[in-house]
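Peer 1: Supplied in structure tokens, the structure appears directly below.
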Amino acid sequence: MRFGLSRKRFSDLSEQEVLALAISSEEDDARIYRSYAEKLRGEFPDTARIFDGMAEEEDEHRRRLIDLHARRFGTVIPLIRREHVAGYYARRPVWLVENMSLDRIRAEAEAMEREAEHFYLAAAGRSSDAATRKLLGDLAAAEAGHKDHAGHLAEAHLDSDSRAAEDRSAQRRFLLTWVQPGLAGLMDGSVSTLAPIFATAFATQNTWTTFLVGLAASVGAGISMGFTEAASDDGELSGRGSPVKRGISAGVMTTLGGLGHALPYLIPHFWTATITAFVVVFLELWAIAWIQNRFMDTPFFRAAFQVVLGGALVFAAGVLIGSG
């Protein structure tokens with residue numbers, strides 16, 4: 001069989017091949033669970049122990065499947081994996097765990113067991129061979145047992161207090177990695193680009209020129225803010241997370257903050273564009289105040305005073321300079 005050239009249909013697999021496929025699948029799932037555990041061990045040790053236990057369960061099922069194969073077909077196991085079989089459920093690449101949140105990892109693990117059980121049940125229903133039907137049914141029962149055991153492990157290692165503490169830690173990491181640098185970027189982009197954009201607008205009264213200046217200012221500020229955030233802290237000691245993620249968050253939000261009041265100058269009529277930009281600025285500044293209050297626990301009126309007053313001063317400076 002040359003699986004590399006074309007994938008086989010599951011219905012065409014022999015009982016030995018189905019068993020070999022189950023063995024390789026159990027190996028892959030154990031490896032994935034251990035990757036989850038290593039990813040989470042530093043910050044979420046209780047959940048990491050759950051995945052350690054699930055990996056051990058996969059190892060036990062793999063050993064039982066190997067023993068069954070040895071009794072029925074001998075010790076030489078055919079090389080067949082998920083990617084060799086058409087329609088077989090796929091697993092995400094292990095490296096994607098680096099970009100998954102705690103809740104997403106938990107949900108992914110639940111989906112892994114559910115998909116495996118469903119697949120084996122569906123395959124058993126299509127089989128007309130009694131021995132194959134029993135084998136697939138046993139595999140489905142094993143996957144259902146995995147889910148039940150996962151629940152017992154969660155009860156043993158992850159009580160309500162532990163889960164709440166891990167959820168708070170995950171929320172804190174999300175705030176420090178994405179929200180805080182993104183908010184800083186939005187503030188910087190919204191406020192710092194006000195002066196050059198409106199100075200250009202009132203100096204030239206040319207909407208296209210104003211848009212180009214605003215675009216350049218926004219993109220330039222985004223690049224600068226992104227690199228500054230990424231280079232300022234590697235996240236190892238501060239616990240603020242990946243510098244790349246923080247840099248992306250800060251850079252993108254800085255650019256968007258500036259583009260918000262640059263885009264209205266795509267409108268050809270100067271005063272229509274300018275009034276629209278005024279409205280956008282007003283909404284931007286109050287939105288920033290709301291985000292500070294919602295995610296950073298800054299009192300709303302203090303946030304509004306800081307952001308709106310600062311933005312108004314920069315805006316006024318741009319208009320005065322441009323009008324002069």
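Read the figures in this text as sums done on the coordinates, not as results from a lab. All values reported here derive from a predicted model rather than from experimental measurement. In this analysis, Cβ positions are derived from the backbone assuming ideal geometry, glycine residues included, and neighbour counts consider all displayed protein chains.
Peer 1: Determine the gain in length on full extension of the stretch L212-R81; use 0.36 nm per residue of separation and subtract their C-alpha separation, reporting nm with one decimal.
Peer 2: Gain on extension, L212 to R81, equals 41.7 nm.
Peer 1: Next question, about the same structure. For each of W290, W178, W271, count neighbouring Cβ atoms within 10 Å of the residue's Cβ, then give the residues from fewest to most.
Peer 2: Ranking W290, W178, W271 by Cβ neighbours within 10 Å, fewest first, gives W271, W290, W178.
Peer 1: Right, next: Which order do the peptides 217-224, 316-323, 72-79 take when ranked by the mean count of other beta-carbon atoms within 10 Å per residue, highest first?
Peer 2: In decreasing order of mean packing, 217-224, 316-323, 72-79 become 217-224, 316-323, 72-79.
Peer 1: Working out 0.36 nm times the residue gap between T272 and W290, then minus their Cα-Cα distance, what length gain in nm do you get to one decimal?
Peer 2: Between T272 and W290, full extension yields an extra 3.8 nm.
Peer 1: Can you grab the distance from the C-alpha centre of the range 276-322 to the C-alpha centre of the range 1-76, Å, no decimals?
Peer 2: Distance between centres, Cα-based: 55 Å.
Peer 1: Calculated FRET efficiency, D12 and R71, Cβ-Cβ r, R0 22 Å, to nearest 0.05?
Peer 2: 0.40
Peer 1: Over the range 171-323, what is the relative contact order in whole percent, taking alpha-carbon pairs under 8 Å and six or more residues apart?
Peer 2: Reported as a whole number, the value is 35 percent.
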